[in-house]
Structure formats: C-alpha cells, structure tokens
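Asks: Before I ask anything, let me first share the structure, which is written out below as structure tokens.
Read the figures in this text as sums done on the coordinates, not as results from a lab. Quantities reported herein were computed from a predicted structural model and do not represent experimental measurements. Here Cβ is always computed from backbone atoms with ideal geometry, including for glycine, and neighbour counts include all displayed protein chains.
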Amino acid sequence: MEIVVLLKQVPATESFVGIADDKVSVKTDDVKWVINPYDEFAVEEALRIKEAHGGSVTIVSVGRDKTAEAVRTALAMGADKGILIKDTISEKYDGLGIARILAAVLKDIPYDLIIAGQRAVDDDNFLVGTAVAEFLNIPNISLVIKEEIIDGRIRCHRTIEGGTVVIESSLPALITTQRGLNEPRYASLPGIMKAKRKPLDVKTLADIGLDVGQFETSGMHIVSLKFPPERKSGRIIEGESAQVKVSELLRALREEAKVI
Amino acid sequence: MSKGVLAITEQLDGVFRKVTYEALSEGRRIADQLGCDLTAVVLGSNVEIIAAELGKYGADRIIAADNPILDEYLTDTYTNVISDIIASENPAVIILGASMQGKDLSARLAARLNVSLAMDCVVIRIEDEKLIATRPIYGGKILADIAMDTKPVILAVRPNSMGITETDCAGDIEKYDANIGQTNLKFIEKTLDTTKIELTEADMVVSGGRGMGGADFSVLEELAEMFGGAVGASRSAVDEGWRPHADQVGQTGKVVSPNLYIACGISGAIQHLAGMSSSKIIVAVNKDPEAPIFLKADYGIVGDLFEIVPLITEEIRKIK
C-alpha cells in the first residue's frame, strides 16, 4: 500500500498571529511552527495502515525552507520519505493553486491512498485535499473518524451534523481527517535520529514542470485583514448568595441582553 | 453572460437544514442587489413535495432533481449533477451552507469548475460590482475580506451567521432529469442522533471545561434542554474523554455563534475563545475570579458551577 500524506506547516494554535503593516498579510515572525494538527492525524493514520498492510508512507508539502522541519518531524514519527516543493511565495496562492501543485507532484509518484487534513488551522479553507482528489480524478471522502481497508477498497466513517455516515470507495482514493480518528504518536529519539538519514527531496515548481508565475494571479485575493471586534469584559454579577446572583443574571439576560 | 444566483439547498431525510434557509435568504439579498433571479436547487429522493416551501425564502424558481440514487449525499454524484445544472444555468453566484456536506461539495465543485470559493463566509457585500466575502481565518482570530473575480463564484455561508428572511416568491418548480454520471462511492449506512441539536446551528450553547471534574455533564444537559440548546465542551474536557470529539468548541473543533453562550468551568484558552467569540452574549461561570474567560464574557458569575447552573435551570423553568 503506497500512502501519501499531504502536509502543511502552520502556526501553533496557541500563537498570537498579528496583522502586518500591509493589512493583507499576517505577521508570523514570533510564532511557533508546527505540523497542522489535522495533518498529524493523517500521518498517524498512514503509519497505522502501513503497519497493518505494509507499503510506504510519503510526505508531500509545499512551503519555504523552514517547512522542511515539519516534514522531518513526520519522518521522525515513522514516514519513509518526504517531498518538499519549495516556493517562497506559496502563502500568496489560493487553495486551488496549492492543490494544483500537489496534484502535479502526485502525477509522478505511485499512490493507493492519499490522506490529508480536513483543513489547515491557519486559512481554514477546507479545500485543498478535496481539490487534489478532483484534479487527480479520484474519489474523496472527507471528515473521516474511522477507516478500514478490505479487499482493495476503503470503508470510512464520515462525520455529519449529529451523526456518522459509512461510505465505501474504490482505491486509489483521498480521505481527509477528522478529530477522533486517532491519537498521533510522538517522534521517538531513535526516530528523530533515523529521520536525519531519510530521503527528503526538495524541488522547485520548475522541477515539477510548473510555471512559477501561473499561480500568482488567481481568482481571489485578500483585500484586507482585521481583528474581530474586541469583546469588552462585561460585569461580574455580585450578590450575597448564589440565588441572588442567578436572579440578577436572568434579569440582565432578559432586560438588557434580550436573549431570553 | 453569467447571470443569476443559484442556491444549493441541503435536506436530510426530507427536512431542510437551517443553514439552507440562511443561504437562500442571503442569496435573495444578493440577487436583489444584482437585479437578477434566485434559483434554488434541490437534490434527493421524493424532494418535489418539500421543494415547494423554498419560495417562502425567496426562490423565484426551484430546480428539483428527484432521483432515488440521490437519496443519500455522495460527493461525486452530487458534484456531477450540480455541475451539469451550473453549466446550463450559467449563474454568476453560487451560494450554499457551509455544513459538513456543504464544505465537501463546495470544495469539489470549486475544483471542477476552477472557480473561487469563499468558505465559511460570515458577511457578503458587493462593492464596485465586485463580490467581497468576509471569512474568519486562524480559527476566528482574524477576519479576512476576500475579493472574488471568477465567474461564477461559490459562497459557502457559515451556519448561524446570516439571518433568515421570509419573502414570498413564486417558487415555480421545474423537474430536472439528472444524469448521475460516474461514481466510485457507495453509501453503506447512516447513524443519526436526531434528539441532539447541532452545535453550530443552536441558538443557545452551554459548554463545560476542566471545572466539570468528570464525565457527568447532566447539569449542563438539563440547562440546554430548557433552552432547546446544545451542549459543547472545551478541548481539555474532550481530551479527558468526558465528551465526544464532535462536541469540542474551539480552533481545532467547532466554531459556534449562538445568541447565548454559557461557559461553565472553562478558563478561556485562546483556542477556545476563537471558537465562541462571535456569540452574541457570553456568560461565564467559574470558581476562579482570575479566569481569562471573564475578560470576554458579558456577564460573569464567580462560583461553583454545580450550584449556579441548576439555579439558572430552575429560574428558566419558572419563566417558561
């Protein structure tokens, strides 16, 4: 089973992300960079499938020099090799642009299953994985919390509002991860040592036959970024007893806030 | 020339999702601004009967693709049929709800049509004949205004972000003979808890955090039931195994924007705040007066949630 994991490096969710002076990009100088949490589930699931069915796990990512750290971390978790498409302005591409780059990489490597995060926790697009499947003309199942591979097919439990749906697909296919799929392992010290010797191919867009300029002009662009309106801290309801406090809260919700 | 607004509706077992009415209402507003028609698309089995009600939410026309094969949503069958409809209708704007199904479908459609998609938009406006969509990024820590140039564009609206407006429109139903096309997916089964109100669509959410001290969330469930609301949880409560993953509110869980959000025993980590800051009114109940959640709450009560929450439930019971 040849498994490919699509991976993005993102600011850790505990990071404060600022808005740059140009008002259309974010300031990420002081953030801690990590593997997108949903892609971590993807790496873990790929490793478990490999452990059960054999084969190999390849990590594919688009990013800058520093993105290599995230790919190395996935290799330290147990993946076999990495491919990094290095591009200094990839942050400017929209989701479809990134998906086209990933699809171009995948055209040249074997795969039975592709696993991607349902979304990256930076741009929250929910787009790239599904778009890669479309560009490769293979089926996709998103938001998967459980999968089983039986007789060359994959059966997935996909989350929907208020429940789950079980869907089966032929292979090759692409699935996206949902929280609950697994508990990602930590990279062990021997794993980290081994990862240093694992192959990591760093390529440019030109190396995979793409024109550098073709992604710069896309159909959408950010015109401005702003912080959501700051919530002012309200008031702490004081009172002699819990009952008094609750009565005052209910009065406030009814008469001031008008939500009940 | 592209023209018109096409709203893709979503129904589950014959009932439209609330976000479908929100998308239709917003679609009506955009159609009025552009001076064009709003057409609703309904896919499913025996949907012609329910399709009629869409006129009430602003649809001038309703295209009903009634086919037993479309009974259950599958990414490829729905994408095939809807892209055919888009090819013949040639709309300028496609709008749908960013539910879990809507997210999957809109992403695949955007790739197939090679057009821009604004996922989870909370505000849509037209400026100099250009569509600008506002959408949260970084889990709601930042709002991005996105200009969209392709024809058509796809707008997936975040549940609970846009109001529902009833406008009586003709709502003429046209039967559509769908060509299902190639499919590699097979529906096996579905498990639904219909008694639960979906977190992202609930008008009221009460969430518990580490302060719950265990898996017994019954005090919150009773309060939620009194409001007809939903129960959520912080990441730490989910990590402890007290609540299912589907209940997690926050940057790596669900983003909610109810009218009333009550945070119980939740300290207020930045990731949790990102998931609930767009709620209209926030109430916090916490033992620790220094908990950061109080800085974001409209009303705070310092105290034991196991004492306070049942009292709130009792007071609400009295009002009702």
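Asks: Give the residues of region A:159-195 that are of a type outside the set (A, V, I, L, M) and away from every other protein chain (no Cβ under 14 Å), sorted by residue number.
Replies: Passing the criteria: A:Arg185, A:Tyr186, A:Ser188, A:Pro190, A:Gly191, A:Lys194.
Asks: Considering only residues of region B:137-157 that are under 16 Å from the mean Cα position of the chain (by Cα) and more than 7 Å from chain A (Cβ to nearest Cβ), which is nearest to B:Val255 (Cα to Cα)?
Replies: Checking each candidate, the answer is B:Val157.
Asks: Can I ask one more? Return only the number of the condition from (1) within 11 Å of another protein chain (Cβ to nearest Cβ); (2) of a type in the set (Val, Ile, Thr); (3) out of contact with any Leu (no Cβ under 8 Å at 6 or more places or on another chain) that B:Thr134 does not satisfy.
Replies: Evaluating B:Thr134 over (1) within 11 Å of another protein chain (Cβ to nearest Cβ); (2) of a type in the set (Val, Ile, Thr); (3) out of contact with any Leu (no Cβ under 8 Å at 6 or more places or on another chain) leaves (3) as the failure.
Asks: When only residues in region B:290-314 that are in a loop (DSSP other than H, G, I, E, B) and touching a strand residue (DSSP E or B) at 6+ places or on another chain (Cβ under 9 Å) count, which is farthest from the other protein chains (Cβ to nearest Cβ)?
Replies: B:Ala291
Asks: Can you tell me which residue within region B:234-263, out of those that are free of Cβ contacts under 8 Å to residues at least 60 places away in the same chain and part of a loop (DSSP other than H, G, I, E, B), is nearest to B:Ile312 (Cα to Cα)?
Replies: B:Asn259
Asks: For residues that are of a type in the set (S, T, N, Q) and part of a helix (DSSP H, G or I), scanning just region B:67-95, find the one that is farthest from the other protein chains (Cβ to nearest Cβ).
Replies: B:Ser88
Asks: To continue, here is another question. Report, by residue number, each residue of region A:53-102 that is among the hydrophobic types (A, V, I, L, M, F, W, C) and either within 14 Å of another protein chain (Cβ to nearest Cβ) or without any contact (Cβ under 8 Å) to a residue 12 or more places away in the chain (or both).
Replies: A:Leu96, A:Ile98, A:Ala99, A:Ile101, A:Leu102
Asks: Follow-up question, since we're still on this one. Out of A:Ala195, A:Ala252, A:Ala187, A:Ala173, which single residue is touching a strand residue (DSSP E or B) at 6+ places or on another chain (Cβ under 8 Å) and in contact (Cβ under 8 Å) with a residue 24 or more places away in the chain?
Replies: A:Ala173
Asks: Now, a different point. Please enumerate the residues belonging to region A:128-140 that are crowded, with 24+ Cβ neighbours inside 10 Å and more than 7 Å from chain B (Cβ to nearest Cβ).
Replies: A:Val128, A:Gly129, A:Val132, A:Ala133
Asks: I'd like to check something: does region A:208-229 contain any residue that is more than 30 Å from A:Glu134 (Cα to Cα) and more than 7 Å from chain B (Cβ to nearest Cβ)?
Replies: Checked against the condition, which is being more than 30 Å from A:Glu134 (Cα to Cα) and more than 7 Å from chain B (Cβ to nearest Cβ), region A:208-229 yields at least one hit.
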